[in-house]
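Notes follow once the structure below has been shown.
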Amino acid sequence: MPNAYAPPLTLSATMLARAADIAQRIGQLQAGLPAERVLRLRRVSRVRSIQSTLAIEGNTLTLDQVTAILEGKRVLAPPREVQEVRNALQAYEHLARWEPTREVDLLAAHALMMHGLVDYPGRYRGGGVGVMDGDTVVHMAPPASRVPALMQDLLAWLARGEQHPLIAACLFHYELEFIHPFDDGNGRMGRLWQTLILSRWQPLFADLPTESLVRDHQQDYYRAIAASNVAADAAPFVELMLDMIEQTLVSLAATPEHRGAADAATGASPVEAPAAQLVREHVREHVRERADAGLAGAGRDRTPDAPSEPVLRLLRALLAGPGSTKSLMRELGLAHRPSFLYRWLQPALRAGWVEMTDPDHPKSPRQRYRLATAGRRVLADAQAATEDAPPADPADPADPADPLSGAG
C-alpha cells in the first residue's frame, strides 16, 4: 500500500533476541500450567495489574484495598481513587470483547476506564496537551485536529500485521503515548491496549501483570518515552517493554507451581520451538527488508547526538537547497504531514542540523528550511562512517554475532 503509515522503529539485535526468548518462555509456561493455577493466576494478576497501572498515575490504594473493591467490600479511601479502581476492573474484564484494531472498541475502553473521571470519556481530546515534568514541557502532543486521522492511521497499521505481535504491542503503546489522543487516561490506555494486543497472540498475556514492573521502573519508563521522542525512533521504548515482559515471565516461572514445569520444559523443543521459531523467521525477514531499503540502524547503539535514519534522509534532501514542508515531503516520498513534522523535521530543528530561512516568523506560509553548518558536519561524519565500515560477507549464512543464528 503506497504511503501507508508505519511507526518509526529501528529493529535491533537486542529486540529480536528478546522476542525469541519471550516466545520460548511462553511455550514453557503453557506446558506446565494446570487449569486451577490459571484461575488463581488470573485473579491475583488482575489485581496487581490494576493496582500498578493506577499507582503509576498517582492512585494510592494498596493491593488489599483493590482486592476488597473487587470483592464488593467498602473501602475508606478518596472517592476518585475508588472510582478509578472500579473503572479499571470493568475495563480489564472486557478485554475479551474488544478487538485491538477497532477504533470503536478503543473509545469504548476509554469510556469505561475514565467514567466519572473526565468530562468526555470515550472521546478524543478537543484541545492541545503537553506532557509535563514539573514545570517543564517534555512533550507537546500533536494538535487536537490531527488526532482522529493519526489514530486511524495507527489502527490501520496495526490491522496490516506488519510486525510480530510482541513488537507491535510495544510499538502501539509508544505511539498512543506520543499522540496522546485523550484529555486524560492515555498512560493506562496504552498499557491496557498493549495487554489486549498481546493476549490476542497468546491468551496467557491477559493474566500477566507487566504493569507491576512498569510501576517499579517508572522513571525508566518515562526516560524511554523521552529518548524515543528525541530520536524519532521507538526503539528505546520497545526494548524496555520487551525487557519488562520477559522479566514478568521469568518471575512467574520462578514460582513454586511453575519451577518444576519450567525445568521439565527446558530443552523440550516440541513445546517451545514452534512459537520461538516463528518469531525468528518473522524478525529475520523484517530485518532483511529494512536492510534492503537502507533503513537498518544501530538501535540502542545510536548515541543521543546521532541522527535517526529519517533525519539523515531529510538532511541529504536539503543538500539540493532550501525547501518548504510540501516540497520536502514530495522529495522524500511522504504523504503523512504530522509524521514528517514530528519525526523528521522537528528533531532536525531541535538538534540545530536544519534552520528556518525566516526564524522570526516560524509559521509564515513562505517558510523554508535549509541545511545548517552542523547538519553538513553530520552528513560528512555519516559518509565517513559508511566508508570506514567493513563490507558484510553475504556468503556466510550464520553470522556468529547474530543472536538468532543457530538458535532452535
query: By counting other Cβ atoms within 10 Å of each Cβ, how are E99, E239 ranked from fewest to most?
result: E99, E239
query: Which length gain, in nm to one decimal place, applies between A320 and E71 when the Cα-Cα distance is subtracted from 0.36 nm times their residue separation?
result: 82.9 nm
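Quick one: if the Förster radius is 35 Å, what FRET efficiency do E57 and R97 give, using the C-beta to C-beta distance and rounding to 0.05? Intermediate results must be reported in sequence, preceding the final value.
Values: r = 24 Å, r/R0 = 0.68.
After rounding, the FRET efficiency stands at 0.90.
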message: Run the simple label-point estimate for S327 and H361 please: 7 Å along Cα→C-beta, distance reported in nm.
response: 1.7
task: Apply the Karplus parameterisation 6.51 cos²θ - 1.76 cosθ + 1.60, with θ equal to phi minus 60°, to every residue of the range 344-361 and state each ³J(HN,Hα) to the nearest whole Hz, in sequence, with x for glycine and proline.
output: 10, 6, 4, x, 5, 5, 4, 7, x, 7, 10, 9, 7, 6, 10, x, 6, 9
- prompt: Taking amide H positions as placed 1.01 Å from N in the peptide plane, with prolines and chain starts having none, which residues 5 or more places from A6, or on another chain, fall under 5 Å of its amide H?
  reply: none
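I want to verify the translational diffusion coefficient of the range 200-257 in µm²/s; compute it with Stokes-Einstein, Rh as the Kirkwood radius over Cα pairs, at 37 °C and 0.692 mPa s.
264
Find the all-direction average of the projected area of the Cα convex hull for the range 305-388, expressing the result in square nanometres with one decimal place.
5.4
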- prompt: Lys/Arg Cβ at +1, Asp/Glu Cβ at -1, dipole of the range 305-388 taken about the Cα centre: which of G375, P322, H361 is farthest positive-ward?
  reply: H361
query: Using a basic spin-label model with each label point 7 Å from the Cα along Cα→Cβ, how many nm lie between A382 and A254?
result: 4.3
task: Enumerate the calculated ³J(HN,Hα) couplings along the range 142-149 in order (Karplus 6.51 cos²θ - 1.76 cosθ + 1.60, θ = phi - 60°), each rounded to whole Hz, writing x wherever the residue is Gly or Pro.
output: x, x, 4, 5, 9, 4, x, 5
- request: Output ³J(HN,Hα) for the range 90-102: one whole-Hz value per residue in order, computed from phi by the Karplus curve 6.51 cos²θ - 1.76 cosθ + 1.60 with θ = phi - 60°, and x for Gly and Pro.
  value: 5, 4, 5, 5, 8, 3, 5, 8, 9, 9, x, 9, 9
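Using 0.36 nm times the number of residues separating M140 and R42, minus their current alpha carbon distance, what extension gain do you get? Display every interim value, and only then the final one.
Numbers: separation 98, 0.36 × 98 = 35.28 nm, distance 3.72 nm.
Length gained between M140 and R42: 31.6 nm.
FRET efficiency for T373 and A6, Cβ-Cβ distance as r, R0 = 35 Å, nearest 0.05?
Working: r = 32 Å, r/R0 = 0.92.
Efficiency for this residue pair is about 0.60.
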- prompt: Taking H as built 1.01 Å from N, whose amide H comes closer than 5 Å to the amide H of H139, not counting residues under 5 places away?
  reply: V131
query: F182's amide H: which non-local residues (gap 5+, or another chain) put their own amide H closer than 5 Å, with H modeled 1.01 Å from N in plane and none for Pro or chain starts?
result: R125
field: Computed P(r) (all Cα pairs; the range 62-120; 10 Å bins; percent)
entry: 22, 46, 27, 5
- prompt: Once a ≥ b ≥ c are taken as the square roots of the eigenvalues of the Cα gyration tensor of the range 60-159, is the result rounded (a/c under 1.5), prolate (a/b larger than b/c) or oblate (a/b not larger than b/c)?
  reply: oblate
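The numbers here are math on the coordinates, done by the rules we state, and not lab data. As the structure is a computational prediction, the values presented were derived from the model and not from experiment. Positions of Cβ are generated from backbone atoms using ideal geometry, with glycine treated the same way; all protein chains shown enter the neighbour counts.
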